[in-house]
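Notes follow once the structure below has been shown.
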Amino acid sequence: MGYEELLVFIKDGIKFVQNFAGIIDKSTPHLYLSALPFSPSNSILARSLIERFAGIAQVAVGKQDDWPRDQQVLQGHTYGVNSVAFSQDGRHVVTGSSDKTIQLWDAQTGGQVGNPLQGHTSSISSVAFSPDGRHIVSGSWDKTIRLWDAQTGGQVGNPLQGHTSSVFSVAFSPDGRHIVSGSWDNTIRLWGAQTGGQVGNPLQAHTDSVNSVAFSPDGRHIVSGSWDMTIRLWDAQTGGQVGNPLQGHTDSVLSVAFSPDGRHIVSGSWDMTIRLWDAQTGGQVGNPLQGHTSSVNSVAFSPDGRHIVSGSSDKTIQLWDAQTGGQVGNPLQGHTSSVLSVAFSPDGRHIVSGSVDGTIRLWDAQSGQVGNAHKDQTTNSLLSTLSPIHLSSSAAHVLHDAQNLFDDDMFNVNGDCRDLVHLQNNGWIVGPNGKLLLWVPPSYYKLFFYTPWTHLVIPRGSPELDLSKMAHGPAWYRCYTPVHGDTN
(Lines give C-alpha, C1' and ligand atoms only; values in the text may rest on other atoms or scores of the structure.)
Protein backbone atom coordinates (compact mmCIF):
# COMPACT_ATOMS: atom_id res chain seq x y z
CA MET A 1 0.00 0.00 0.00
CA GLY A 2 1.48 3.32 -1.08
CA TYR A 3 1.63 6.46 1.04
CA GLU A 4 -1.37 8.14 -0.62
CA GLU A 5 -3.47 4.97 -0.33
CA LEU A 6 -2.50 4.65 3.33
CA LEU A 7 -3.47 8.29 3.95
CA VAL A 8 -6.89 7.73 2.38
CA PHE A 9 -7.33 4.58 4.49
CA ILE A 10 -6.44 6.44 7.69
CA LYS A 11 -8.82 9.30 6.88
CA ASP A 12 -11.59 6.78 6.26
CA GLY A 13 -10.81 5.08 9.56
CA ILE A 14 -11.04 8.42 11.37
CA LYS A 15 -14.46 9.02 9.80
CA PHE A 16 -15.51 5.55 10.93
CA VAL A 17 -14.49 6.28 14.53
CA GLN A 18 -16.09 9.75 14.49
CA ASN A 19 -19.42 8.31 13.36
CA PHE A 20 -19.56 5.14 15.43
CA ALA A 21 -17.36 5.53 18.53
CA GLY A 22 -20.34 6.30 20.76
CA ILE A 23 -22.25 3.15 19.90
CA ILE A 24 -19.16 0.94 20.04
CA ASP A 25 -18.45 2.28 23.52
CA LYS A 26 -22.02 1.45 24.58
CA SER A 27 -22.07 -2.04 23.08
CA THR A 28 -19.00 -3.58 21.47
CA PRO A 29 -20.91 -6.07 19.26
CA HIS A 30 -22.45 -3.12 17.45
CA LEU A 31 -19.04 -2.41 15.94
CA TYR A 32 -20.22 -5.13 13.56
CA LEU A 33 -24.00 -5.12 13.92
CA SER A 34 -24.57 -1.37 13.46
CA ALA A 35 -21.37 0.32 12.29
CA LEU A 36 -20.64 -1.87 9.26
CA PRO A 37 -24.18 -1.84 7.81
CA PHE A 38 -24.37 1.96 7.88
CA SER A 39 -20.85 2.64 6.64
CA PRO A 40 -21.17 4.32 3.24
CA SER A 41 -20.64 2.37 0.04
CA ASN A 42 -17.36 4.20 -0.67
CA SER A 43 -15.85 3.50 2.74
CA ILE A 44 -12.54 1.67 2.18
CA LEU A 45 -12.51 0.23 5.70
CA ALA A 46 -16.04 -1.12 5.42
CA ARG A 47 -15.45 -2.59 1.96
CA SER A 48 -12.44 -4.50 3.26
CA LEU A 49 -14.41 -6.04 6.13
CA ILE A 50 -18.00 -6.39 5.07
CA GLU A 51 -17.60 -9.57 3.00
CA ARG A 52 -16.68 -11.39 6.21
CA PHE A 53 -19.93 -10.38 7.89
CA ALA A 54 -22.85 -11.93 6.02
CA GLY A 55 -25.06 -11.90 9.10
CA ILE A 56 -25.58 -8.16 9.47
CA ALA A 57 -28.41 -5.84 8.47
CA GLN A 58 -28.38 -4.43 4.95
CA VAL A 59 -29.53 -0.99 3.81
CA ALA A 60 -31.86 -2.15 1.03
CA VAL A 61 -32.92 1.34 -0.09
CA GLY A 62 -31.31 4.71 0.55
CA LYS A 63 -27.77 3.66 1.42
CA GLN A 64 -25.36 6.58 1.49
CA ASP A 65 -22.36 6.57 -0.84
CA ASP A 66 -20.17 8.83 1.28
CA TRP A 67 -19.83 9.90 4.88
CA PRO A 68 -22.67 12.35 5.67
CA ARG A 69 -21.98 16.06 5.45
CA ASP A 70 -25.47 17.40 4.82
CA GLN A 71 -28.77 15.74 5.59
CA GLN A 72 -30.42 15.29 2.21
CA VAL A 73 -33.28 13.13 1.07
CA LEU A 74 -35.00 12.37 -2.20
CA GLN A 75 -38.41 14.01 -2.28
CA GLY A 76 -41.29 14.20 -4.73
CA HIS A 77 -42.92 17.38 -3.50
CA THR A 78 -40.47 20.16 -2.81
CA TYR A 79 -42.54 21.73 -0.02
CA GLY A 80 -45.03 20.59 2.58
CA VAL A 81 -47.90 18.24 1.73
CA ASN A 82 -51.13 19.94 2.78
CA SER A 83 -53.76 17.44 1.68
CA VAL A 84 -54.01 13.71 0.96
CA ALA A 85 -56.83 11.47 -0.28
CA PHE A 86 -57.35 7.89 -1.46
CA SER A 87 -59.13 6.98 -4.66
CA GLN A 88 -62.36 5.02 -4.14
CA ASP A 89 -60.70 1.76 -5.23
CA GLY A 90 -57.77 2.37 -2.88
CA ARG A 91 -55.22 2.00 -5.66
CA HIS A 92 -54.06 5.60 -5.78
CA VAL A 93 -53.33 8.52 -3.50
CA VAL A 94 -53.57 12.15 -4.54
CA THR A 95 -51.61 14.86 -2.77
CA GLY A 96 -51.61 18.64 -2.85
CA SER A 97 -48.57 20.65 -1.85
CA SER A 98 -47.27 24.10 -1.11
CA ASP A 99 -45.04 23.62 -4.16
CA LYS A 100 -48.19 24.45 -6.23
CA THR A 101 -48.48 20.96 -7.67
CA ILE A 102 -50.78 17.96 -7.33
CA GLN A 103 -49.31 14.47 -7.59
CA LEU A 104 -50.79 11.01 -8.09
CA TRP A 105 -49.11 8.02 -6.45
CA ASP A 106 -49.45 4.25 -6.66
CA ALA A 107 -50.62 3.25 -3.17
CA GLN A 108 -48.86 -0.12 -3.36
CA THR A 109 -45.48 0.78 -4.79
CA GLY A 110 -45.22 4.42 -3.77
CA GLY A 111 -44.25 5.37 -7.30
CA GLN A 112 -45.39 8.58 -8.95
CA VAL A 113 -48.12 8.14 -11.53
CA GLY A 114 -47.65 10.49 -14.46
CA ASN A 115 -46.39 14.02 -14.20
CA PRO A 116 -47.40 16.52 -11.51
CA LEU A 117 -50.66 18.36 -12.20
CA GLN A 118 -49.73 21.99 -12.70
CA GLY A 119 -51.84 25.09 -13.14
CA HIS A 120 -52.41 26.63 -9.74
CA THR A 121 -50.31 29.71 -9.04
CA SER A 122 -50.07 29.25 -5.28
CA SER A 123 -50.13 26.53 -2.60
CA ILE A 124 -52.59 23.66 -2.98
CA SER A 125 -54.59 23.49 0.24
CA SER A 126 -57.07 20.68 -0.50
CA VAL A 127 -57.55 17.78 -2.93
CA ALA A 128 -60.23 15.10 -3.35
CA PHE A 129 -61.20 12.32 -5.76
CA SER A 130 -64.63 12.17 -7.34
CA PRO A 131 -66.69 9.14 -6.19
CA ASP A 132 -66.07 7.35 -9.50
CA GLY A 133 -62.32 8.08 -9.33
CA ARG A 134 -62.28 9.74 -12.75
CA HIS A 135 -61.66 13.29 -11.57
CA ILE A 136 -59.74 15.22 -8.94
CA VAL A 137 -60.74 18.55 -7.47
CA SER A 138 -58.25 20.96 -5.94
CA GLY A 139 -58.49 24.18 -3.97
CA SER A 140 -55.70 26.69 -3.70
CA TRP A 141 -54.46 29.82 -2.06
CA ASP A 142 -54.77 31.38 -5.55
CA LYS A 143 -58.55 31.65 -4.79
CA THR A 144 -59.51 29.11 -7.47
CA ILE A 145 -60.82 25.56 -7.66
CA ARG A 146 -59.72 23.30 -10.51
CA LEU A 147 -60.92 20.00 -11.94
CA TRP A 148 -58.51 17.42 -13.35
CA ASP A 149 -58.81 14.22 -15.34
CA ALA A 150 -57.31 11.58 -13.02
CA GLN A 151 -56.13 9.43 -15.94
CA THR A 152 -54.60 12.01 -18.25
CA GLY A 153 -53.66 14.64 -15.66
CA GLY A 154 -55.23 17.29 -17.85
CA GLN A 155 -57.24 20.17 -16.50
CA VAL A 156 -60.98 19.91 -17.17
CA GLY A 157 -62.60 23.20 -18.13
CA ASN A 158 -61.74 26.57 -16.69
CA PRO A 159 -60.92 27.29 -13.05
CA LEU A 160 -63.94 27.73 -10.77
CA GLN A 161 -63.76 31.33 -9.65
CA GLY A 162 -65.80 33.32 -7.18
CA HIS A 163 -64.05 33.18 -3.83
CA THR A 164 -62.30 36.40 -2.87
CA SER A 165 -59.65 34.74 -0.70
CA SER A 166 -57.80 31.44 -0.41
CA VAL A 167 -59.80 28.25 -0.92
CA PHE A 168 -58.89 26.04 2.00
CA SER A 169 -61.15 22.99 1.60
CA VAL A 170 -62.95 21.20 -1.24
CA ALA A 171 -65.09 18.05 -1.45
CA PHE A 172 -67.27 16.17 -3.94
CA SER A 173 -70.88 15.33 -3.18
CA PRO A 174 -71.53 11.56 -2.84
CA ASP A 175 -73.20 11.48 -6.29
CA GLY A 176 -70.31 13.40 -7.85
CA ARG A 177 -72.59 16.11 -9.24
CA HIS A 178 -71.50 18.94 -6.98
CA ILE A 179 -68.40 20.37 -5.32
CA VAL A 180 -68.37 22.29 -2.06
CA SER A 181 -65.63 24.73 -1.14
CA GLY A 182 -64.72 26.62 2.01
CA SER A 183 -62.65 29.79 1.93
CA TRP A 184 -60.87 32.32 4.03
CA ASP A 185 -63.40 34.83 2.68
CA ASN A 186 -65.72 33.36 5.40
CA THR A 187 -68.03 31.71 2.84
CA ILE A 188 -68.93 28.28 1.55
CA ARG A 189 -69.87 27.82 -2.12
CA LEU A 190 -71.50 25.06 -4.16
CA TRP A 191 -70.47 24.34 -7.76
CA GLY A 192 -71.72 22.13 -10.56
CA ALA A 193 -69.05 19.51 -11.17
CA GLN A 194 -69.87 19.28 -14.87
CA THR A 195 -70.63 22.89 -15.66
CA GLY A 196 -68.22 24.57 -13.27
CA GLY A 197 -70.93 27.11 -12.52
CA GLN A 198 -71.75 28.32 -9.04
CA VAL A 199 -74.96 26.84 -7.62
CA GLY A 200 -77.04 29.31 -5.62
CA ASN A 201 -75.68 31.98 -3.37
CA PRO A 202 -72.70 31.63 -1.03
CA LEU A 203 -73.47 30.05 2.33
CA GLN A 204 -72.78 32.77 4.85
CA ALA A 205 -72.89 32.80 8.65
CA HIS A 206 -69.34 32.13 9.77
CA THR A 207 -67.61 35.22 11.11
CA ASP A 208 -64.13 34.06 10.20
CA SER A 209 -62.29 31.84 7.72
CA VAL A 210 -63.81 28.47 6.78
CA ASN A 211 -61.10 25.84 7.19
CA SER A 212 -62.93 22.61 6.40
CA VAL A 213 -66.08 21.41 4.61
CA ALA A 214 -67.63 18.00 3.98
CA PHE A 215 -70.83 16.47 2.60
CA SER A 216 -72.95 14.08 4.63
CA PRO A 217 -73.04 10.51 3.23
CA ASP A 218 -76.54 11.05 1.83
CA GLY A 219 -75.52 14.36 0.25
CA ARG A 220 -78.30 16.30 1.97
CA HIS A 221 -76.14 18.30 4.35
CA ILE A 222 -72.80 20.08 4.50
CA VAL A 223 -70.70 20.57 7.63
CA SER A 224 -68.16 23.36 8.02
CA GLY A 225 -65.52 24.27 10.59
CA SER A 226 -64.15 27.75 11.05
CA TRP A 227 -61.63 30.00 12.73
CA ASP A 228 -64.63 31.45 14.57
CA MET A 229 -64.44 28.29 16.78
CA THR A 230 -67.80 26.96 15.57
CA ILE A 231 -69.09 24.12 13.43
CA ARG A 232 -72.18 24.69 11.30
CA LEU A 233 -74.61 22.47 9.42
CA TRP A 234 -76.18 23.50 6.12
CA ASP A 235 -78.95 22.23 3.87
CA ALA A 236 -77.14 21.31 0.64
CA GLN A 237 -80.23 22.07 -1.51
CA THR A 238 -81.45 25.34 -0.03
CA GLY A 239 -78.18 26.65 1.41
CA GLY A 240 -79.95 27.39 4.66
CA GLN A 241 -78.30 26.87 8.03
CA VAL A 242 -79.59 23.86 9.96
CA GLY A 243 -79.95 24.41 13.69
CA ASN A 244 -77.59 26.38 15.86
CA PRO A 245 -73.79 26.41 15.60
CA LEU A 246 -72.01 23.53 17.34
CA GLN A 247 -69.98 25.19 20.05
CA GLY A 248 -67.45 23.83 22.52
CA HIS A 249 -64.01 24.23 21.00
CA THR A 250 -61.95 26.98 22.61
CA ASP A 251 -59.94 27.77 19.48
CA SER A 252 -60.17 27.51 15.70
CA VAL A 253 -61.82 24.41 14.20
CA LEU A 254 -59.39 23.08 11.59
CA SER A 255 -61.06 19.89 10.34
CA VAL A 256 -64.54 18.32 10.26
CA ALA A 257 -65.95 15.05 8.91
CA PHE A 258 -69.17 13.02 8.98
CA SER A 259 -69.32 9.45 10.23
CA PRO A 260 -70.17 6.89 7.50
CA ASP A 261 -73.75 6.58 8.78
CA GLY A 262 -74.15 10.37 8.94
CA ARG A 263 -75.18 10.32 12.59
CA HIS A 264 -72.08 11.95 14.00
CA ILE A 265 -69.55 14.66 13.19
CA VAL A 266 -65.94 14.70 14.31
CA SER A 267 -63.91 17.88 14.61
CA GLY A 268 -60.27 18.72 15.26
CA SER A 269 -59.11 22.04 16.63
CA TRP A 270 -56.25 24.35 17.39
CA ASP A 271 -57.22 23.77 21.05
CA MET A 272 -55.49 20.33 20.73
CA THR A 273 -58.73 18.38 21.17
CA ILE A 274 -61.02 16.25 19.03
CA ARG A 275 -64.76 16.36 19.65
CA LEU A 276 -67.72 14.23 18.60
CA TRP A 277 -71.13 15.71 17.89
CA ASP A 278 -74.63 14.40 17.30
CA ALA A 279 -75.45 15.49 13.74
CA GLN A 280 -79.18 15.73 14.46
CA THR A 281 -79.23 17.49 17.82
CA GLY A 282 -75.92 19.35 17.59
CA GLY A 283 -75.05 18.17 21.07
CA GLN A 284 -71.54 17.12 22.02
CA VAL A 285 -71.12 13.36 22.49
CA GLY A 286 -68.94 12.41 25.43
CA ASN A 287 -65.83 14.23 26.54
CA PRO A 288 -63.22 15.77 24.25
CA LEU A 289 -60.61 13.32 22.95
CA GLN A 290 -57.34 14.49 24.43
CA GLY A 291 -53.80 13.32 23.87
CA HIS A 292 -52.22 15.50 21.22
CA THR A 293 -49.83 18.16 22.48
CA SER A 294 -50.41 20.61 19.63
CA SER A 295 -53.13 21.60 17.18
CA VAL A 296 -55.21 18.83 15.57
CA ASN A 297 -55.03 19.64 11.87
CA SER A 298 -56.97 16.77 10.33
CA VAL A 299 -59.54 14.16 11.40
CA ALA A 300 -61.36 11.34 9.62
CA PHE A 301 -63.62 8.38 10.39
CA SER A 302 -62.72 4.84 9.39
CA PRO A 303 -65.08 3.37 6.75
CA ASP A 304 -66.83 1.23 9.37
CA GLY A 305 -67.20 4.20 11.72
CA ARG A 306 -65.48 2.43 14.60
CA HIS A 307 -62.33 4.51 14.66
CA ILE A 308 -61.14 8.07 14.18
CA VAL A 309 -57.72 9.08 12.95
CA SER A 310 -56.14 12.45 13.71
CA GLY A 311 -53.03 14.26 12.52
CA SER A 312 -51.38 16.94 14.59
CA SER A 313 -48.69 19.60 14.65
CA ASP A 314 -47.05 17.48 17.36
CA LYS A 315 -45.80 15.38 14.38
CA THR A 316 -47.90 12.35 15.32
CA ILE A 317 -50.97 10.49 14.10
CA GLN A 318 -53.37 8.98 16.62
CA LEU A 319 -56.11 6.38 16.39
CA TRP A 320 -59.18 6.64 18.63
CA ASP A 321 -62.11 4.41 19.49
CA ALA A 322 -65.14 6.32 18.17
CA GLN A 323 -67.47 4.85 20.81
CA THR A 324 -65.36 5.15 23.95
CA GLY A 325 -63.12 8.05 22.94
CA GLY A 326 -60.09 6.11 24.12
CA GLN A 327 -56.76 6.09 22.34
CA VAL A 328 -56.03 2.97 20.32
CA GLY A 329 -52.38 2.00 20.62
CA ASN A 330 -49.51 4.44 20.69
CA PRO A 331 -49.19 7.46 18.40
CA LEU A 332 -47.84 6.74 14.92
CA GLN A 333 -44.48 8.47 14.71
CA GLY A 334 -42.19 9.02 11.76
CA HIS A 335 -42.95 12.45 10.33
CA THR A 336 -40.39 15.07 11.25
CA SER A 337 -42.78 18.03 11.15
CA SER A 338 -46.48 18.86 11.51
CA VAL A 339 -48.95 16.34 10.11
CA LEU A 340 -51.41 18.37 8.04
CA SER A 341 -53.72 15.76 6.53
CA VAL A 342 -54.84 12.18 7.23
CA ALA A 343 -57.28 9.79 5.56
CA PHE A 344 -58.34 6.13 5.71
CA SER A 345 -58.19 3.86 2.70
CA PRO A 346 -61.65 2.70 1.50
CA ASP A 347 -61.12 -0.75 3.03
CA GLY A 348 -59.97 0.77 6.34
CA ARG A 349 -56.71 -1.17 6.35
CA HIS A 350 -54.41 1.75 5.79
CA ILE A 351 -53.98 5.39 6.72
CA VAL A 352 -52.30 8.00 4.55
CA SER A 353 -50.73 11.14 5.98
CA GLY A 354 -49.14 14.28 4.55
CA SER A 355 -46.76 16.54 6.39
CA VAL A 356 -44.85 19.80 6.32
CA ASP A 357 -41.75 17.57 6.01
CA GLY A 358 -42.70 17.03 2.36
CA THR A 359 -43.41 13.29 2.59
CA ILE A 360 -46.50 11.14 2.38
CA ARG A 361 -46.63 8.06 4.59
CA LEU A 362 -48.87 5.05 4.46
CA TRP A 363 -49.51 3.18 7.69
CA ASP A 364 -51.01 -0.17 8.55
CA ALA A 365 -54.14 0.82 10.49
CA GLN A 366 -54.37 -2.59 12.13
CA SER A 367 -50.74 -3.41 12.92
CA GLY A 368 -50.32 -4.59 16.46
CA GLN A 369 -54.00 -5.42 16.97
CA VAL A 370 -53.65 -8.90 18.42
CA GLY A 371 -56.90 -8.97 20.39
CA ASN A 372 -56.96 -11.21 23.46
CA ALA A 373 -53.57 -12.89 23.43
CA HIS A 374 -53.30 -15.72 25.95
CA LYS A 375 -50.21 -17.28 27.42
CA ASP A 376 -51.13 -20.68 26.04
CA GLN A 377 -50.49 -19.36 22.53
CA THR A 378 -47.13 -20.37 21.14
CA THR A 379 -44.46 -17.74 20.76
CA ASN A 380 -44.32 -18.31 17.04
CA SER A 381 -48.05 -17.83 16.50
CA LEU A 382 -48.08 -14.62 18.52
CA LEU A 383 -45.06 -13.29 16.68
CA SER A 384 -46.61 -14.15 13.34
CA THR A 385 -49.64 -12.09 14.38
CA LEU A 386 -47.52 -9.15 15.51
CA SER A 387 -44.95 -9.09 12.67
CA PRO A 388 -43.19 -6.46 14.76
CA ILE A 389 -39.73 -5.95 13.27
CA HIS A 390 -40.30 -4.54 9.83
CA LEU A 391 -38.15 -1.63 8.67
CA SER A 392 -38.82 -1.94 4.95
CA SER A 393 -41.70 -2.07 2.50
CA SER A 394 -40.67 -5.63 1.53
CA ALA A 395 -41.96 -8.57 3.56
CA ALA A 396 -38.77 -10.43 2.59
CA HIS A 397 -36.76 -8.00 4.73
CA VAL A 398 -38.42 -8.84 8.07
CA LEU A 399 -36.07 -9.94 10.87
CA HIS A 400 -35.75 -13.73 10.99
CA ASP A 401 -35.96 -15.63 14.29
CA ALA A 402 -37.51 -12.59 15.89
CA GLN A 403 -38.57 -14.64 18.92
CA ASN A 404 -34.95 -14.58 20.12
CA LEU A 405 -35.41 -10.93 20.97
CA PHE A 406 -38.32 -11.62 23.28
CA ASP A 407 -39.04 -13.53 26.44
CA ASP A 408 -42.04 -14.03 28.71
CA ASP A 409 -42.50 -10.31 29.28
CA MET A 410 -43.82 -9.98 25.72
CA PHE A 411 -47.06 -11.62 26.86
CA ASN A 412 -47.73 -8.72 29.21
CA VAL A 413 -48.07 -6.32 26.30
CA ASN A 414 -51.68 -5.38 25.62
CA GLY A 415 -51.70 -6.29 21.97
CA ASP A 416 -49.55 -3.56 20.46
CA CYS A 417 -46.27 -4.43 18.75
CA ARG A 418 -45.26 -0.78 18.88
CA ASP A 419 -44.67 -1.26 22.61
CA LEU A 420 -42.21 -4.05 21.81
CA VAL A 421 -39.82 -2.49 19.32
CA HIS A 422 -39.26 1.22 18.85
CA LEU A 423 -36.74 3.81 17.68
CA GLN A 424 -35.42 6.01 20.47
CA ASN A 425 -34.44 9.64 19.97
CA ASN A 426 -30.77 8.67 20.24
CA GLY A 427 -31.01 6.33 17.26
CA TRP A 428 -31.15 3.00 19.06
CA ILE A 429 -33.81 0.52 18.00
CA VAL A 430 -34.66 -1.36 21.18
CA GLY A 431 -36.85 -4.26 22.15
CA PRO A 432 -38.36 -5.30 25.51
CA ASN A 433 -36.40 -4.25 28.61
CA GLY A 434 -34.24 -1.97 26.51
CA LYS A 435 -32.52 -4.74 24.55
CA LEU A 436 -30.37 -3.18 21.85
CA LEU A 437 -31.23 -4.44 18.38
CA LEU A 438 -29.62 -1.90 16.02
CA TRP A 439 -28.31 1.65 16.01
CA VAL A 440 -29.32 3.97 13.19
CA PRO A 441 -27.19 7.05 12.33
CA PRO A 442 -28.91 10.44 12.63
CA SER A 443 -28.47 11.04 8.91
CA TYR A 444 -30.95 8.18 8.40
CA TYR A 445 -33.49 8.29 11.22
CA LYS A 446 -33.82 12.07 11.55
CA LEU A 447 -35.05 12.30 7.99
CA PHE A 448 -37.59 9.79 6.70
CA PHE A 449 -37.07 6.39 8.23
CA TYR A 450 -39.21 3.27 8.27
CA THR A 451 -40.50 2.26 11.68
CA PRO A 452 -42.05 -1.12 12.60
CA TRP A 453 -45.56 0.20 11.91
CA THR A 454 -44.90 2.20 8.75
CA HIS A 455 -46.39 0.52 5.68
CA LEU A 456 -44.94 2.76 2.98
CA VAL A 457 -43.24 6.11 2.57
CA ILE A 458 -44.00 8.12 -0.57
CA PRO A 459 -41.83 8.82 -2.45
CA ARG A 460 -39.62 5.74 -2.24
CA GLY A 461 -35.99 6.44 -1.55
CA SER A 462 -36.29 6.75 2.21
CA PRO A 463 -33.96 4.36 4.06
CA GLU A 464 -35.21 0.76 4.23
CA LEU A 465 -33.40 -2.02 6.10
CA ASP A 466 -33.14 -5.68 5.15
CA LEU A 467 -32.96 -7.58 8.46
CA SER A 468 -33.52 -11.04 6.97
CA LYS A 469 -29.93 -12.23 7.53
CA MET A 470 -29.15 -10.20 10.63
CA ALA A 471 -27.76 -12.07 13.63
CA HIS A 472 -29.06 -10.65 16.90
CA GLY A 473 -29.57 -11.30 20.58
CA PRO A 474 -27.45 -14.09 22.11
CA ALA A 475 -26.55 -15.26 18.59
CA TRP A 476 -25.01 -11.95 17.53
CA TYR A 477 -21.61 -13.57 16.99
CA ARG A 478 -23.02 -15.40 13.96
CA CYS A 479 -22.77 -12.15 12.04
CA TYR A 480 -19.20 -13.22 11.20
CA THR A 481 -18.79 -15.67 8.36
CA PRO A 482 -15.16 -16.52 7.52
CA VAL A 483 -14.29 -16.34 3.86
CA HIS A 484 -12.53 -19.20 2.11
CA GLY A 485 -9.00 -19.53 3.38
CA ASP A 486 -9.53 -17.32 6.44
CA THR A 487 -7.58 -18.75 9.37
CA ASN A 488 -8.54 -16.08 11.94
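Quick one: 3J(HN,Hα) in Hz for segment 470-476, Karplus 6.51/-1.76/1.60 with θ = phi - 60°, rounded, Gly and Pro as x.
6, 6, 7, x, x, 9, 4
Please report the spacing between the Cα centers of segment 267-296 and segment 79-128 in Å, no decimals.
Between the Cα centres of segment 267-296 and segment 79-128 lies a distance of 28 Å.
Specify, per residue and in Å³, the volume enclosed by the convex hull of the alpha carbon atoms belonging to segment 297-341.
Cα-based convex hull of segment 297-341, divided per residue, equals 66 Å³.
At 1.4 Å probe radius, can you tell me the per residue accessible area of segment 83-124 in Å²?
In whole numbers, segment 83-124 has 42 Å² accessible per residue.
Would you check the accessible area of SER183, probe 1.4 Å, heavy atoms only, in square angstrom rounded to 10?
0 Å²
Taking 0.36 nm per intervening residue step and subtracting the Cα-Cα distance, what contour gain separates ASP347 from GLN241 on full extension?
Residue separation times 0.36 nm, minus the Cα-Cα distance, leaves 34.9 nm.
Can you give me the accessible area per residue for segment 142-197, using a 1.4 Å probe, in Å²?
Result: 42 Å² per residue.
Which percent of the accessible area of segment 97-199 is formed by carbon and sulfur heavy atoms (probe 1.4 angstrom)?
With neighbouring chains kept in place, the figure for segment 97-199 is 43 percent.
Please give the per residue accessible area of segment 207-312, computed with a probe of 1.4 Å over protein heavy atoms only, in Å².
Per residue, segment 207-312 has 41 Å² of solvent-accessible surface.
In the structure shown, do any of LYS435/LYS469; LYS11/LYS435; LYS11/LYS469; LYS15/LYS63 have a Cα-Cα gap over 21 Å, and if so which?
Beyond 21 Å: LYS11/LYS435; LYS11/LYS469.
With N denoting the number of residues in segment 112-256, provide Rg(C-alpha) divided by 2.2 N^0.38 Å, to two decimal places.
So segment 112-256 has a normalised radius of gyration of 1.00.
So how far, in whole Å, is the C-alpha centre of segment 31-64 from the one of segment 172-229?
Each part reduced to its Cα centre gives a spacing of 55 Å.
Run the numbers on segment 73-163 and let me know its relative contact order in percent, using alpha-carbon pairs under 8 Å that are six or more apart.
RCO, segment 73-163: 20 percent.
Taking θ = phi - 60°, what integer Hz values does the Karplus form 6.51 cos²θ - 1.76 cosθ + 1.60 yield along segment 115-124, in sequence order, with x for Gly and Pro?
8, x, 7, 10, x, 5, 9, 8, 3, 8
The values are calculated or read from the model by the stated rules, or taken from the named source; none is laboratory data. Every value quoted in this text rests on a predicted model; they were computed, and no experiment measured them. For accessibility, only protein heavy atoms count, side chains too; no ligands or nucleic acids. Shrake-Rupley method; radii C 1.70, N 1.55, O 1.52, S 1.80 Å.
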